[in-house]
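Before any comments, here is the structure.
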Amino acid sequence: MTILDKFKPLQAAYETVRAAGKDPFSVRFDEVLSPSEAVMNGRRTILLGTNNYLGLTFDRAAIEAAADAVRRAGTGTTGSRIANGTYGGHADLERRLADFYGCSSAMVFSTGYQANLGILSTVAGRGDHILIDADSHASIYDGCRLGQAEVIRFRHNDPDDLARRLRRLKDTPGNRLIVVEGIYSMLGDTAPLAEIAEVKREWGAHLLVDEAHSLGVLGDHGRGLVEEAGIEDDVDFIVGTFSKSLGAVGGFCVSNLPDFDILRIACRPYMFTASLPPAVIASVIRSLGRVEEEPGLRRKLQDNASRLYHTLKDAGFQLGPRTSPIVSIRMPSITVAITFWNALLDAGVYLNLALPPATPDNASLLRSSVSAAHSPAQLDAAAEAIIRIGRSLDVIPETRCLEMAVR
Amino acid sequence: MPQTNEIADVIIDMIGALPQAKRGVTPETNIVRDLGLDSLAVMNFVMTLEDRFDVSIPMDRLVGIETVADLAATLSNLMGAERA
């Protein structure tokens, strides 16, 4: 008997997945060659599952800015902002983010996960209620657990269900905070933000939108689904990450609430962790600049997303509800998903294996994330491999003609 | 207001409608261990209960719940508090 015995069922499930071939939870890149390609198990592999939406991890100017910052200001800050001080870069980045969103305040966190942990556990306190979309990311669930507020789930992307749950609270005192995501990471679907904002106004709630997968991806200026839906005046907090479209690591929250900065001495996941190193801050500032200056990057991403989405849809795969840089393919079973994922890696295509309970509706998914850095040839090669394996595993019909005949 | 045992009967009926349904569910049945529901399935089941009884069950209230009877008692408390 050891303290780890409780993990025996998890261990058994893990062994089942690993027994089918490679270990999807500890995939190893021998060498990362570019935003869209790596060497894995000795072969060149197309990266189709790294959330590198704008392909900025190898941006030359971002690399130079990071290298310059590490020489000027050192490799790390060795402590937190409140104990060890703020570097010029932290303050610059916060100003840039606030300006980008047209907000009065911004706070930078050391990861996107910590941004949700910090904001959710702090802004909603004892006696308040947080209403979260049922398909929320783990960082949202964990942020709720860390705080003192009561937490209620509403059905995914269902504003009527949200309204029903707010109505049940109508005689209960306290503030309400509604939490939704711009793009949901498993299926690539977006929140019905205009309708949710209407419910928010009707019930006098606050609204937080997590734009982790939509910053730099949606909106004419890259400001995410909030911009695309035109509800910037209705949102109280936007949370996001630097680790996807901005190609680095870190998280943030922007807001127009007048006393927002009090959170700097109240929010424990901000206060008690080391701040981001100068090199990361410098590359993020540069990458945010590219998001602002180059709408063409977003257009390229949308074109690429559409290319892969439609190729796979036409081939007969079951995908998420809308064209999105996240293209998730529904698998008929966990076993087929694991076999398919292994076959793709052997064919030189890396994407994500997403299994229940991390997925909506207990679905088994092969989740890909398209990048502006993918060439049409790379996307076509990946699609060709996916279709070939899909046919051999009977996930899709052998040919289009056969599919027509079945209809 | 329904009594706790009446609530338990409704819960047992609703468990019968789940895809993972098992026969012989009683108030003493352990929801996670005996029914084999994972954490997500439990949370989704709680949502249907919320709608059936028109009451909110905050997630932190689920922590101490093991059996159908525990769940019925929690619902009864929440509904009592609401009407008090």
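Projection of the Cα convex hull of the protein assembly as shown, averaged over all directions and equal to a quarter of that hull's surface, yields 26.2 nm². The GluC sites (Glu not before Pro) of the stretch A:321-406 that DSSP puts in a loop, and whose beta carbon has at most 13 other beta carbons within 10 Å, are A:E398.
Over the stretch A:261-407, the pair-distance histogram of Cα-Cα distances with 5 Å bins from zero comes to 2, 8, 14, 16, 15, 12, 10, 10, 6, 4, 2, 1, 1, 0 percent, rounded to whole numbers.
Taking the helices alone, chain A has a mean residue ellipticity at 222 nm of -12500 deg cm²/dmol, built from -39,500 (n - 2.57) per DSSP H run of at least 4 residues and averaged over all its residues. Computed per residue of chain B from DSSP H runs no shorter than four, each worth -39500 (n - 2.57), the mean residue ellipticity at 222 nm is -17000 deg cm²/dmol. In this Cβ point-charge picture (+1 for Lys and Arg, -1 for Asp and Glu), chain B has a dipole of about 120 debye about its Cα centre. Relative to the 2.2 N^0.38 Å rule of thumb, the stretch A:38-149 has a C-alpha radius of gyration ratio of 1.40.
The loop-placed chymotrypsin sites (Phe, Trp or Tyr not before Pro) in the stretch A:1-78, going by DSSP, that have at most 12 neighbouring Cβ atoms within 10 Å of their Cβ come out as A:F25.
Accessible area per residue (1.4 Å probe, heavy atoms of protein chains only) ranks A:R72, B:R52 as A:R72, B:R52, with the largest value leading. Spatial offset of the stretch A:207-285 relative to the stretch A:96-142 amounts to 8 Å, using the alpha carbon center of each. Under 5 Å from the amide H of A:N51 lie the amide H atoms of A:S369, each residue being 5 or more positions distant or on a separate chain, with H modelled from the backbone and absent for Pro and chain starts. Less than 5 angstrom separates the built amide H of A:I178 from those of A:L131, A:H206, A:L207, A:L208, all sequence-distant by 5 or more or on a different chain.
Normalised by residue number, the volume inside the convex hull of the Cα atoms of the stretch B:4-83 is 83 Å³ per residue.
The solvent-accessible area of A:I265, taken with every protein chain present and a 1.4 Å probe, is close to 120 Å².
Dividing the convex hull volume of the alpha carbon atoms of the stretch A:59-293 by its residue count gives 109 Å³ per residue. Using only side-chain charges placed at the Cβ, +1 for Lys and Arg and -1 for Asp and Glu, the dipole size of the protein assembly as shown relative to its Cα centre rounds to 1020 debye.
Helix B:4-16 axis versus longest C-alpha principal axis of chain B: approximately 40°, rounded to the nearest ten.
The values are calculated or read from the model by the stated rules, or taken from the named source; none is laboratory data. Please read these numbers as outputs of a predicted model, since none were measured by experiment. Cβ: placed from backbone, ideal geometry, glycine included. Neighbour counts: every protein chain shown. Side chains are part of the model used for accessible areas, which takes the heavy atoms of the whole protein and leaves out ligands, DNA and RNA. Shrake-Rupley method; radii C 1.70, N 1.55, O 1.52, S 1.80 Å.
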